[in-house]
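The values are calculated or read from the model by the stated rules, or taken from the named source; none is laboratory data. Here the structure is a predicted model, which means the values were calculated and not measured. All Cβ positions, even for glycine, are placed from backbone atoms using ideal geometry, and neighbour counts span all protein chains on display. Keep in mind that these areas ignore ligands, DNA and RNA; they rest on the heavy atoms of the full protein, side chains included. Shrake-Rupley method; radii C 1.70, N 1.55, O 1.52, S 1.80 Å.
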Amino acid sequence: MPANDEYVIEILKDVGLMSQEQAHDLAGRTGGLNMVETLIKEGIVSAEDVARTLASQNGMDFVDLALVTPSPELVNLLSPETARRYKTVPVSEHDGSLVLAIADPMDFEAFDSIGFLLERPVEFVCAVPSQIKDKLDRLYPLGLEELGNVAITEEEENTAEDDAPIIRLVSNMLIEAQNNRASDIHIEPMEKRLRIRYRIDGNLQEMQSPPKKLQGAIISRLKIMTSSMNIAEKRVPQDGRIQVKVGEKTIDLRVSSVPTVHGESIVMRILDKSSLMLGLPELGFMSDDQATFERLVQMPDGIILVTGPTGSGKTTTLYGCLNYMNRPDRKIITVEEPVEYQMTGINQVQVNTEVGMTFAAALRSMLRQAPNIVMLGEIRDKETAEIAINASLTGHLVLSTLHTNDAPAAVARLVDIGVQPFLVSSAVRGIIAQRLVRKLCANCKVPGEMSEYELRVLNLDASQLSKASVMRPAGCEKCRGKGFRGRMGIFEIFVADDDIRQMINRNATTLQLRQRTREMGMRTLREDGIRKVLAGLTTPEEVISSTMGESH
């Protein structure tokens, strides 16, 4: 039996299933080893007697698995990996809880971990170990436990058995995050618990958390997986990367640890390479904006900037742009800090300030490689901006990002960091400002109405709604009941023509530039968002919240 033999013998004596004399005789013949197995083998008690007794003593029900045939739906709730690791099988559902049979009613690790892994309430009943083994062999045949799991290295296979549960727990956490399309995993130590949150479609959602006592082991496991983080150092921030295989898919994770009052907080950013293959419509461009954007990126030289706050999807747009332009007849080089996604056919350079490989130094060197297209992760100082502009004026198309709230403000930002206005006017071809809004789940969205407040804030009237398809979230299994699935961009595209260049040369203000571009037909972020609300792609609340600071 899994439970301690001496403890079981004492219980069997207390309930009258064996005498003191039988216990002494048994201990003498076995030397205290395998006592319960010997009891069962010699027919003094049955395996069912022992299981029923342990169940009763631990306040659990006993179940005869010979009389149980779980449905395929219940079997699929438990992965082969988890079922075999914890020697447990599904029995039924009761008041919303999954009832699981377990051989050892004192396996506290199983009690703590299985509910966390399944993200639902779990009840346990006790069963005979041999029956559980038979059910495991029948319901979860050997060989299936590897399906869908994170690839385990040869080094991990040799890990001490005591560490195996943590390895599997962390692996299942990564699988779950990937299956839920999470962009980040947040592991946050609280005073009395360990909080796990996933960022899904831009919003943090709390998940069922593991026991607080596993905090140190989980964080250590993640540090070991990165290979570049010091497992013994808990006083300073650290960074690293992890590459794992989930089924047939390889994903990269960027890991950051920060010491907090109650332990190290870990954030893992999931870098899913599938986002690189997004086309311009998937990024959120409407057909007319897409045509304008395609015209910009087909120019032979100049600078195209993507602007917005942190988390507004600038990097995804740049990578989508590179994917669109990546052809055998073009040489593309990027300078990034760090290189988040590795793209086939593109030369990517990672900034390393410790050895002098700054943005500016890398950009100078890469221009000797005769590229057609250059992508800079970010323009953040005068030196980098001037080199980028000089590159654009010598026959290169330069793509980069800038932190500004809207498109016209990017011109003022370049001048503020020290670039001469005549250089800005000569180099800049277009500026794209963007935000992200959640997309309504296509499977469950339903027709809806706009409130008076929404109409007023978005400056709409009833006549504009006559041909609209305003939709609202409902919630279904595909979107985990949220009503939203995925995100899309809303855009503001600033195109520099001769009038705009002359205004930049004359040090025109951001307000003057904005007024001129509005006269030329530029839609604001909010106006592009309104188009997507009226097309039934997102909700008024999403557009209002993401453009709250926009002036009209």
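Some notes on this structure:
- Cα long-axis angle, helix 314-325 against the chain (0 to 90 degrees, to the nearest 10): 70 degrees
- Under the simplified labelling scheme, the Glu294-Thr310 pair shows an inter-label distance of 3.6 nm, with each label point 7 Å from Cα along Cα→Cβ.
- The calculated FRET efficiency for Ser287 paired with Lys41, based on their beta-carbon distance and R0 = 56 Å, is about 0.15.
- Enclosed volume per residue, in Å³, of the convex hull spanned by Cα atoms of the range 396-552: 134 Å³
- For the chain, the per residue solvent-accessible surface stands at 48 Å², with DNA, RNA and ligands left out and a 1.4 Å probe.
- In summary, the lysines within cross-link reach of Lys445, defined as a Cα separation below 27 angstrom excluding same-chain residues under 8 places away, comprise Lys467, Lys478, Lys482, Lys532.
- Folded to 0 to 90 degrees: helix 5-14 orientation relative to the chain principal axis, Cα: 50 degrees
- Highest-first arrangement of 483-492, 322-331, 192-201, where packing means the average Cβ count within 10 Å: 483-492, 192-201, 322-331
- Two-site FRET efficiency, Gln515 against Met548, from Cβ-Cβ distance with R₀ of 22 Å, rounded to 0.05: 0.50
- Net charge contributed by nearby residues that have their C-beta within less than 10 Å of Gln205 (K/R +1, D/E -1): +2
- Summing Lys and Arg as +1 and Asp and Glu as -1 over all other residues whose Cβ lies under 15 Å from the Cβ of Glu191 gives a net charge of +3.
- Descending principal axes extents, the range 399-479, alpha-carbon based, whole Å: 52, 34, 20
- Checking the Cα-Cα distances for Lys213/Lys245; Lys245/Lys314; Lys192/Lys213 against a 21 Å cut-off, the pairs over it are Lys213/Lys245; Lys245/Lys314.
- Cα-centred dipole magnitude for the chain, charges only on beta-carbon of K, R (+1) and D, E (-1), debye, nearest 20: 2540 debye
- Additional length obtainable on full extension of the chain from Glu48 to Gln243, 0.36 nm per residue less Cα span: 65.5 nm
- Global geometry of the range 52-104, whether rounded, prolate or oblate, following the gyration tensor of its Cα atoms and the 1.5 cut on a/c: prolate
- Net charge contributed by nearby residues that have their C-beta within less than 11 Å of Ala127 (K/R +1, D/E -1): -1
- Cysteines of the chain lacking any other cysteine Cβ under 4.7 Å from their own Cβ: Cys126, Cys321.
- Annotation: peptides 495-508, 418-431, ranked by per-residue average of other Cβ atoms within 10 Å with the highest first, follow the order 418-431, 495-508.
- Carbon and sulfur %, accessible surface of the range 165-299 computed with the full protein complex present, 1.4 Å: 50 percent
- Cα lying deepest toward the dipole's positive end in the range 491-552, options Gly529, Gln515, Phe491, charges on Cβ: Gln515
- Burial ranking of peptide ranges 449-461, 535-547 (average Cβ count within 10 Å, highest at the top): 535-547, 449-461
- Dipole of the chain [Lys/Arg +1, Asp/Glu -1 at C-beta], most positive-end residue of Ala361, Cys476, Gly418: Gly418
- Cα-based convex hull, the chain, per residue volume (Å³, whole number): 197 Å³
- Euclidean distance between Cα centres, the range 371-429 to the range 468-510, Å: 22 Å
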